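The values are calculated or read from the model by the stated rules, or taken from the named source; none is laboratory data. Owing to the predicted nature of the structure, the values given are computational and were not obtained by experimental measurement. All Cβ positions, even for glycine, are placed from backbone atoms using ideal geometry, and neighbour counts span all protein chains on display.
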Amino acid sequence: MAQLLKMKSKGLKEFRQQYLLRNSQAEEKRWQEHQAATCIQSWFRACKVHAYIRHLHKKAIIIQKIWRGFTARARFRQMVKEAYFIMKMNFYEEMAVRIQRRWRGFYVRKYVHNFYARKNYLAEVSWKNKVIRSGLDELEELQKRERDCLDVIKEQTNKVYQAHRLHHLLSTKQRPGIFNSPFRPGPHETELLLRQVKYHRPTRLTPSGKTCLLGIPDSTAPSLASPGRNILGTCSSRPILPPIASKKQMLLGVQKQPGEVWEQCVRCPDLMRLQSSYAHLEEAKHQLQQYKSMNIDNGMLFEQYTDAHMQN
Amino acid sequence: MSQRQIIQVFQEYQKSRLHFVQTVADLASRPQNIEILHNAGAMAMLRALLLDVVPSIQQAAAVALGRLANYSAEMAEAVVKEDILPLLVHSLGLQNRLYKKAAAFVLRAVAKHSTGLSSAVVSCGGLDAMVICLEEFDPLVKEAAATTLGFIARHSATLTQSVVDAGAIPLLVMCLREPEMALKRTAAATISDICKHTPELTQMVVECGTITHLVQMINSPDTKLKRQVFSALSQISKHTVTMAEMVIEAEVLPAAVACLKHPDDHVRMNVASLMKEIVKHTPELSQVIVNSGGLAAVIDYLAECRGDLRLPGILMLGYVAAHSEKLAMAVVLSKGLPQLTLCLSQEHDHHIKASTAWAISQIGGHTTQHANAVAKAGLLPKLLQLYMNTGSSEDLQIKAKTALNSILQRCTDLPSLQPLLFDAPSNILKHVVCQFSKVLPHDSLARRIFVTSGGLAKVQEIKAKSDSALQKYIRVINDCFPEEVVRYYSPGYSEILLEKVEDYEPEISKLK
């Protein structure tokens, strides 16, 4: 009550002043207090949120920690597996390298650079070379011999041709020829050739044709075996026909001495009878035999026919 | 005038023409008359007579022209300038065989001189004319035509291409089968000339089955035919591996090896070139030839011939040895090295010596064994001499140097290396000393021999720049020997000792 009375006494003025003052002070301070309140509230809210976030962070950290441990362990397990695998592979590779090394060495030594095969090959090459060399030497000798043969034959034919051309220089009984001088111990070889050569009338053919000289007996050719003759035959490219036989030989077929035919004609007149009867040949034979038995000491003819008889 | 008299006038004219042409032909067969005939204008007259009505005059005129053209290139040029070739060619298909022979003779005489003349022959249609001649029956005509084609083909590849385009090859192959020797010879020579240019032409020749025919003709006794056959086969086989294989499959080798003993030089040379061309391609082909004893035959062939004939044999040995070390060893075992030594000493031509040096480098360049074999055959001093000789051609020097380099890097035969120490120039000396430095550290007997034979003294005398490879090798060698020995053999050591004797003062007190 006292205060109420005080207030009534002093006046409303003071009250109003105080009221105004306090209101204005309150008004002034309202904004500050408001700010302060906001500040405090925001700070408190911040604390709350901060605490919440801290809480969240802590929990998140725990989760992340556990997760990271999990994945790291998984990775580590994987790494261990890989390292183990790599170690195994290295080991295998090393072993494989050892095997391959041995195999390659073996293979190369056996098949590619085979020492013994090379040695054998070189020995075989040497042997083959020897064989070929001896073969070639033989071949060369053979060819040389052939050529020598040919040369000898050519020389000989030349000599015979010369002898043919010089047939007139043959020595006679009266007069020794040029090649048969009395001062020599024996006749010259040309002289011997001249004696052996038969005179043919010269034909138009050149002497390189061997046909003209076929009348030479075998003794003039030196001891040439048949290969010489064969080479002779094969050398000429064109085949040379044998000479046409002379008329005498054609008619009679058998070489006869000049006087034989005349003798026959004289001595066996019956044989020249005309061929009138069909049995004339047998009759002629009969007569010949009778005639022969009569003349026992006749020449060759009789002997020939008796020999034929003996054989029959 | 009566009909008979008029005809007689013509007959007389014909007789005189014939007489003129025949006389000119006879005169042209002697070389001294040809200039005179040309100056007298024979060319123009003969050209006119080529178009004569009477065939025998045409033939005689053609023969005379052929003989004129045969004499020299200028005459042939004159023939071409007078436009005679088209005249010959255009009526060839209708004429008889004597005219064809004479015309072929003229074309051959013109074509043989030079490339320009041959292309002139080709451009005026000479090839078709020759092909027509080849289809004739008469062997002499065919021979003349084949010779002409051979001369044309000899000059260049384009001309040969045109010959082949004219379809000459099947006809030539048929000519090969004819019985006449001369025709076979000319056909083989023409085929050889065609094949020598390019692989495509050879392919076309081979497709006609030429190889079998050529191989069948190897056994004939005629020498010149054998020459041409082998030359044709070698030209065929030189281009590709397939063709060389085809030639080998046709079983050429036994006959070829036997023909290496033929008395005629050119046959042997052509066989050797055939083997060389085959061997060039692959190691397998070389092995086929080595297995059939070809090496022995070729080495004996080298022993018997002289001069340029040796070249294919030497090249063959070089190619065989180049393929592999087994084949090189086979060459060495077949006594190839003594023969090559003889070749080096007997031949004077530089290109032959160069090819011998090349062959030796191929043989010795494979392994130590080969290089030692080469060194033992005494080839190193010879090669060194060839290299040092200022009279040798550049090619020879280069080849000798390569040979020395390749052999010296592998040679361990010290006795034969020692002479090289004394004579060689520095670039060769380097290799020699290198070899010594490789071998001496391991072999004590070799060291002893090295010292006693004066090698160590020589090595000490070599002045080499320090830090060069030569100095390194010298140091290695010096390290193989004890120091006193090295000092003993160093140059001027006797001087040093004598100086020591002069400087030495004996202590007189001790002597008393």
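Remarks
- Search result, residues across the range B:340-370 that are farther than 19 Å from B:VAL279 by Cα, away from every other protein chain (no Cβ under 12 Å), surrounded by fewer than 22 Cβ atoms within 10 Å (Cβ to Cβ) and of a type outside the set (A, V, I, L, M): B:THR341, B:SER345, B:GLN346, B:GLU347, B:HIS348, B:ASP349, B:HIS350, B:HIS351, B:THR368
- Residue within the range B:220-239 that is within 14 Å of chain A (Cβ to nearest Cβ), closer than 26 Å to B:SER156 by Cα and not β-branched (Val, Ile, Thr) present: yes
- Qualifying residue in the range B:349-364 (condition: among the charged types (D, E, K, R), assigned to a helix (DSSP H, G or I) and modelled with pLDDT of 90 or more): yes
- For the range B:329-339, filtering for residues that are within 11 Å of chain A (Cβ to nearest Cβ) and either assigned to a helix (DSSP H, G or I) or not charged (D, E, K, R) (or both) leaves 7.
- Considering the range B:412-445, and only residues there that are under 22 Å from B:GLN397 (Cβ atoms) and of a type in the set (Ser, Thr, Tyr), the residue that is modelled with the lowest pLDDT turns out to be B:SER426.
- Which numbered condition B:GLY336 fails, given (1) surrounded by fewer than 24 Cβ atoms within 10 Å (Cβ to Cβ); (2) under 24 Å from B:PRO381 (Cβ atoms): (1)
- Scanning the range B:380-393 turns up no residue that is at pLDDT 90 or above, more than 22 Å from A:LYS128 (Cβ to Cβ) and among the charged types (D, E, K, R).
- Filtered residues of the range B:168-191 (kept if within 16 Å of B:THR158 (Cα to Cα) and at pLDDT 90 or above): B:THR190, B:ILE191
- Picking from residues in the range A:99-118 that are charged (D, E, K, R) and at pLDDT 90 or above, the one that is nearest to B:LYS326 (Cα to Cα) is A:ARG104.
- Among all positions in the range B:242-256, there is no residue which is surrounded by fewer than 22 Cβ atoms within 10 Å (Cβ to Cβ), among the hydroxyl-bearing types (Ser, Thr, Tyr) and closer than 23 Å to A:GLY135 by Cα.
- Hey, B:LEU302 surrounded by 16 or more Cβ atoms within 10 Å (Cβ to Cβ), without any contact (Cβ under 8 Å) to a residue 24 or more places away in the chain and out of contact with any strand residue (DSSP E or B) (no Cβ under 7 Å at 6 or more places or on another chain) or not: no
- Meeting the requirement of 2 or more residues that are away from chain A (no Cβ under 12 Å), the helices (runs of 4 or more DSSP H) wholly within the range B:261-326 are B:265-279, B:283-291, B:310-323.
- Selection within the range A:138-151: residues that are hydrophobic (A, V, I, L, M, F, W, C) and more than 9 Å from chain B (Cβ to nearest Cβ). The member of this set that is surrounded by the most Cβ atoms within 10 Å (Cβ to Cβ) is A:CYS149.
- Residue match in the range B:332-354 (condition: within 30 Å of B:THR452 (Cβ to Cβ) and out of contact with any Gly (no Cβ under 7 Å at 6 or more places or on another chain)): yes
Matching residues to (1) away from every other protein chain (no Cβ under 14 Å); (2) among the β-branched types (Val, Ile, Thr); (3) surrounded by 11 or more Cβ atoms within 10 Å (Cβ to Cβ); (4) in a helix (DSSP H, G or I):
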{"residue": "A:PHE76", "(1), (2), (3), (4)": "yes, no, no, yes"}
{"residue": "A:PHE85", "(1), (2), (3), (4)": "yes, no, no, yes"}
{"residue": "A:TYR116", "(1), (2), (3), (4)": "no, no, no, yes"}
{"residue": "A:LEU122", "(1), (2), (3), (4)": "no, no, yes, yes"}
{"residue": "A:SER126", "(1), (2), (3), (4)": "no, no, yes, yes"}
{"residue": "A:LEU136", "(1), (2), (3), (4)": "no, no, yes, yes"}
{"residue": "A:ILE153", "(1), (2), (3), (4)": "yes, yes, yes, yes"}
{"residue": "A:LYS159", "(1), (2), (3), (4)": "yes, no, yes, yes"}
